[in-house]
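Enquirer: There's a structure below that I have some questions on.
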Amino acid sequence: MKQGIAIVTGASRGIGKEILTSLVQSGHKVIGTATTTNGAAAISEMIGREKSGYVLDLSDRESIVRLVQSIKQDHSEPISYLVNNAGITQDNLMLRMKPDQWMNVLNVNLTGTFHLTQLLLKDMLKARWGRIVNISSIVGSIGNPGQVNYAASKAGLEAMTRCLAAEVAARQITVNAVLPGYIQSDMSEQISEGHKEKVLEHIAMKRFGSPADVAHAVEFLLSDGAAYMTGQRIVVDGGMYML
Amino acid sequence: MSETVYERVKKVVVEHLGVDPDQVSESSSFMGDLGADSLDQVELLLAFEEEFDCVIPEDEAESIASVGEAVQAINELLDKAS
């Protein structure tokens, strides 16, 4: 396993939290981000090491620049692993969607991920080694009413994954995406009971996945065993959407 | 006497692109003459930053496509810093 810090964004809860803890358990030095100071403090506490949790607002490039500067000040190791997990939803039917709802979701999920990745890529290029995993969503590939903004952001993220993978592959930097289907998390808690029933009809395994199911796929893509995989998508959805 | 900026730039270019030192002159363009691809060119600038312990601003970086242009930009940066 390559030395170097692993960063997980959106790590204070849900899938991100699970990815964070699984990487800690497998021996990585991990840093997590959250949108609030409480969330950041909770991450440091969870890991049991000071300066493990940082505040990050992905909608604000200044906040992203500050994050990278702070991490470099506080830690001497290079950042070798990046898991772009943070994401938001602001669901609404197309006709009712406010311009802000569209912009907010695109800004955080797609543009923010672009900025953070760009800032961290320089050191990976210098080191000629790096691993980037983008957490997308199956919704970017299948239609889902009420999520034109979210689905567009995730489809965009996957396109970015492939282009960046092509740019940096020769430098031993891999860039892949994991596409969760319906996973038990705060995000999926917002789904109404009636809609859940309908969704379950389409899931071959007839249950929602756990955050751990997603974390395992991420861990694989970060591992030495995945060195020859880049620009790929791994779908973790209980057999809902079989490509 | 210590190495000139040109000599150090040339050394980085030779090492990074694996070209013959005799091929490299002030007028050599990275992509046209020395066979670099666009990512090589970006990485060369990163290597210059390391060699000279400086940061080449993005808007300047985009206009540096030859050995001479790199030498000039680095000289200007070093002048500003001193």
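Enquirer: What does the charge dipole of the protein assembly as shown about its Cα centre add up to, to the nearest 20 debye, if the Cβ of each Lys and Arg holds +1 and the Cβ of each Asp and Glu holds -1?
Expert: Numbers: 27 positive and 43 negative charges, 328 e Å.
It comes to approximately 1580 debye.
Enquirer: Amide H of A:I5: which non-local residues (sequence gap of 5 or more, or other chain) have their own amide H closer than 5 Å, using H built in the peptide plane?
Expert: A:I79, A:S80, A:Y81
Enquirer: Moving to a separate point now. Of the DSSP beta bridges with both residues in the protein assembly as shown, give the percent that are antiparallel, rounding to the nearest 5.
Expert: Numbers: 1 of 27 bridges.
For the protein assembly as shown, the DSSP antiparallel bridge percentage is about 5.
Enquirer: I'd like the distance separating the alpha-carbon centroids of region A:87-145 and region A:55-74, in whole Å.
Expert: So the two Cα centres are separated by 17 Å.
Enquirer: Within 10 Å of each residue's Cβ, count the other Cβ atoms and sort A:H216, A:H195 from fewest upward. Working shown, then result.
Expert: Numbers: A:H216 16, A:H195 12.
By the 10 Å Cβ count, ascending: A:H195, A:H216.
Enquirer: Then there is this: At 222 nm, what value in deg cm²/dmol follows for chain A if DSSP H runs of at least 4 each add -39500 (n - 2.57) and the sum is divided by all its residues, to the nearest 500?
Expert: Working: 9 runs with 107 residues, N = 243.
Calculated mean residue ellipticity at 222 nm is -13500 deg cm²/dmol.
Enquirer: Here is a further query. Which ordering of A:C163, B:C54 is given by a fewest-first count of other beta-carbon atoms within 10 Å?
Expert: Values: A:C163 12, B:C54 15.
Lowest to highest Cβ neighbour count: A:C163, B:C54.
Enquirer: Please turn the phi angles of region A:219-233 into ³J(HN,Hα) values with the Karplus equation 6.51 cos²θ - 1.76 cosθ + 1.60 (θ = phi - 60°), one per residue in order, whole Hz, x for glycine and proline.
Expert: Per residue, the Karplus-derived 3J(HN,Hα) values read 4, 4, 5, 7, 7, 4, x, 9, 4, 9, 10, 8, x, 9, 10 Hz.
Enquirer: Of A:D237, A:D224, how do they rank once you tally other Cβ atoms within 10 Å and put the fewest first?
Expert: On the way: A:D237 24, A:D224 8.
Least crowded to most crowded, the residues run A:D224, A:D237.
Enquirer: I'd like the GluC sites (Glu not before Pro) in region B:1-30 restricted to DSSP loop residues with at most 10 other Cβ atoms within 10 Å, sorted by number.
Expert: Numbers: sites: B:E3, B:E7, B:E15, B:E26; in loops: B:E3, B:E26.
Taking region B:1-30 and a limit of 10 other Cβ atoms within 10 Å, the loop GluC sites (Glu not before Pro) found are B:E3.
Enquirer: So which aspartates and glutamates pass the test for A:K196, namely a Cα distance under 18 Å, with those fewer than 8 places away in the same chain ruled out?
Expert: Leaving aside aspartates and glutamates fewer than 8 places away in the same chain, those within reach of A:K196 are A:D91, A:D186, A:D237.
Enquirer: So what is the relative contact order for region A:5-236, in percent, with contacts set as C-alpha pairs under 8 Å and at least six apart?
Expert: Details: 416 pairs, mean separation 46.9, N = 232.
Relative contact order, region A:5-236: 20 percent.
Enquirer: Additional query: What relative contact order, as a whole-number percentage, does region B:5-81 give when Cα pairs under 8 Å and 6 or more residues apart are counted? Kindly include the intermediate steps, with their values, before the conclusion.
Expert: Values: 72 pairs, mean separation 29.3, N = 77.
With pairs under 8 Å counted, the relative contact order is 38 percent.
Enquirer: Percent relative contact order of region A:196-238, based on C-alpha pairs within less than 8 angstrom and at least six residues apart? Don't skip to the answer; put the middle values down first.
Expert: Values: 21 pairs, mean separation 22.1, N = 43.
Normalised by residue count, the contact order of region A:196-238 is 51 percent.
Enquirer: What's the extension gain from A:A204 to A:A227 if we count 0.36 nm per residue and subtract their Cα-Cα distance?
Expert: On the way: separation 23, 0.36 × 23 = 8.28 nm, distance 3.04 nm.
Answer, rounded to one decimal: 5.2 nm.
Enquirer: Using a Debye calculation, one point per C-alpha and no hydration shell, please list log10 I(q)/I(0) for region A:69-203 at q = 0.17 Å⁻¹ in order.
Expert: Each listed q corresponds, in turn, to -0.94.
Enquirer: What average number of partner chain Cβ atoms lie no more than 10 Å from the Cβ of the residues making up B:37-46?
Expert: Working: counts 1, 1, 5, 1, 0, 4, 5, 0, 0, 4.
Average neighbour count from other chains, rounded to a whole number: 2.
Enquirer: Over 20 Å between Cα atoms, which of B:K10/B:K80; A:K29/A:K72; A:K2/A:K122; A:K2/A:K72; A:K17/A:K51; A:K122/A:K154 qualify?
Expert: Numbers: B:K10/B:K80 22 Å; A:K29/A:K72 14 Å; A:K2/A:K122 17 Å; A:K2/A:K72 18 Å; A:K17/A:K51 16 Å; A:K122/A:K154 24 Å.
With Cα atoms farther than 20 Å apart: B:K10/B:K80; A:K122/A:K154.
Enquirer: Round to the nearest 0.05 the FRET efficiency obtained for B:S38 and A:S44 when R0 = 51 Å and r is the Cβ-Cβ distance. Could you put the intermediate results ahead of the total?
Expert: Numbers: r = 40 Å, r/R0 = 0.79.
The value I calculate is 0.80.
Enquirer: Just to be sure I understand the model, the point goes 7 Å from the Cα along the line to the Cβ. What's the resulting A:S192 to B:S63 distance in nm?
Expert: So the two model labels end up 5.9 nm from each other.
Enquirer: I've got another one for you. Show that you can apply the helix-only estimate: for chain B, add -39,500 (n - 2.57) for every DSSP H stretch of four or more residues, divide by all residues, and state [θ] at 222 nm to the nearest 500. Mind dumping the intermediate values first?
Expert: Numbers: 4 runs with 47 residues, N = 82.
Taken over chain B, the calculation gives -17500 deg cm²/dmol.
Enquirer: How high is the FRET efficiency between A:K72 and A:L95 when r is their beta carbon distance and R₀ equals 51 Å, given to the nearest 0.05? Mind dumping the intermediate values first?
Expert: Values: r = 46 Å, r/R0 = 0.90.
About 0.65, to the nearest 0.05.
Enquirer: What are the principal axis extents of the Cα atoms in chain A, in Å, biggest first?
Expert: Here the spans come out as 50, 36, 33 Å, largest first.
Enquirer: Which of A:S59, A:Q118, A:A41 sits closest to the plus end of the dipole of the protein assembly as shown, meaning its Cα is farthest towards the positive end, when Lys and Arg get +1 and Asp and Glu get -1 on the C-beta?
Expert: With unit charges placed on the Cβ atoms, the residue in question is A:A41.
The numbers here are math on the coordinates, done by the rules we state, and not lab data. It should be emphasised that the depicted structure is a prediction, and the values quoted were computed from it without experimental measurement. Counting neighbours? That spans all protein chains shown, and the Cβs are built from the backbone with ideal geometry, glycine included.
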